[in-house]
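Take a look at the structure below.
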Amino acid sequence: MSARRIFRAGFLLFFVFLLVREMPVTASDHVTFTHGVASGDVTQSSAVVWTRIDEETPIKIEVSRDSDFHRLDFQQTINVSAASDLTAKTVVTSLQSSTQYYYRWRHGNSLSDVGTFRTAPTASVSSTFRFVYSGDSDGTRIGGVPALNNFEVLDAVRAENPSFFIYLGDTIYSDSVYRTTGPATTLADYREAYKINREIPALPRLLKSTSTYALWDDHEFRDDSGGQSLDPMSTRIRAIEVVRVLHGTRNISAIM
């Protein structure tokens, strides 16, 4: 090989190296959906949908009346960031009343579990429905094992095949006696308490099987507090914000 050809080959390799080095770092094509999917605050024409992933990147929500997603009724791209603890949430609109919908999240070839919900009937139409309710979910672990149980009651709730589920407060125990670090005080503490609960399989199984209307009670903040003894701009508001983000509520006033 001549010196000229060697020089050209070397220059080309150096040029390619510079291009690769200057390329922006982007999120991977694969993401993990870490804590299942959920829907909530369903009306006759809308619903809130939620998920959480393992990195900052845009993901797409797909909603369809077909369980195989042959035709989409709604789709939207959501930018996921660390500011929301890598959660994604949006309001799905323009839905038909009294209709079963299926939803999933997508990033490239990565797909979440499929969730489902049924929209409410119109106010003028008489309709029968079945709903279930439960609360008081303390998933705090001791030695990596839930201190109390594995939320078996939530599997029983799911077996009832309800039109919707009312999560009737104490959806976490931020002040659990089993917390070795004491009651939650920071936003990260509250977020972690919710994530621990959602790592018990019975809860995400239920949340993807029907829609949820979530309420809060005292253990989202502190036992028997009612919020009066807590700084309203710190502990209480942080806890309510996590309820709003993780349980598909549109705004804080909807659960106060």
Self-check item: Members of segment 60-82 that are among the aliphatic types (A, V, I, L, M) and either over 15 Å from Val114 (Cβ atoms) or loosely packed, with under 15 Cβ neighbours inside 10 Å (or both)
Solution: Leu72, Ile78, Val80, Ala82
Exercise. May I ask you to list the residues in segment 83-121 that are surrounded by fewer than 14 Cβ atoms within 10 Å (Cβ to Cβ) and modelled with pLDDT under 95?
Key: Ala83, Gly108, Asn109
Quiz item: In segment 41-84, how many are assigned to a strand (DSSP E or B) and within 23 Å of Phe165 (Cβ to Cβ)?
Solution: 11
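Being of a type in the set (Gly, Ala, Ser) and in contact (Cβ under 8 Å) with a residue 60 or more places away in the chain is the filter here; which residues of segment 90-138 pass it? Spell out the reasoning first.
Looking only at segment 90-138, we keep the residues that are of a type in the set (Gly, Ala, Ser), and these are 94, 97-98, 108, 110, 112, 115, 120, 123-124, 126-127, 134-135, 137.
Gly108, Ser110, Ser112, Gly115, Ala120, Ala123, Gly135, Ser137 - these are the residues of segment 90-138 that are of a type in the set (Gly, Ala, Ser) and in contact (Cβ under 8 Å) with a residue 60 or more places away in the chain.
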Quiz prompt | Filtered residue count, segment 85-100, keeping only those that are outside any loop (DSSP other than H, G, I, E, B) and in contact with a Lys or Arg (Cβ under 6 Å, 6 or more places away or on another chain) | solution = 2
Quiz item: Out of all the residues in segment 70-118, which are under 19 Å from the mean Cα position of the chain (by Cα) and among the polar types (S, T, N, Q)?
Solution: Gln75, Gln76, Thr77, Asn79, Ser81, Ser84, Thr87, Thr90, Thr93, Ser110, Ser112, Thr116
Quiz item: Restricting the search to segment 47-69, which residues are more than 14 Å from the chain's Cα centre (by Cα) and under 17 Å from Ser209 (Cα atoms)?
Solution: Glu62, Val63, Ser64, Arg65, Asp66, Ser67, Asp68, Phe69
Exercise. State yes or no: is Tyr213 surrounded by 18 or more Cβ atoms within 10 Å (Cβ to Cβ), under 18 Å from Val49 (Cα atoms) and not assigned by TED's automatic domain parsing to the domain that holds Phe69?
Key: yes
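The values are calculated or read from the model by the stated rules, or taken from the named source; none is laboratory data. Not measured: the values here are computed from a predicted model. Every residue, glycine as well, gets a Cβ built from its backbone with ideal geometry; the counts of neighbours run over all protein chains shown.
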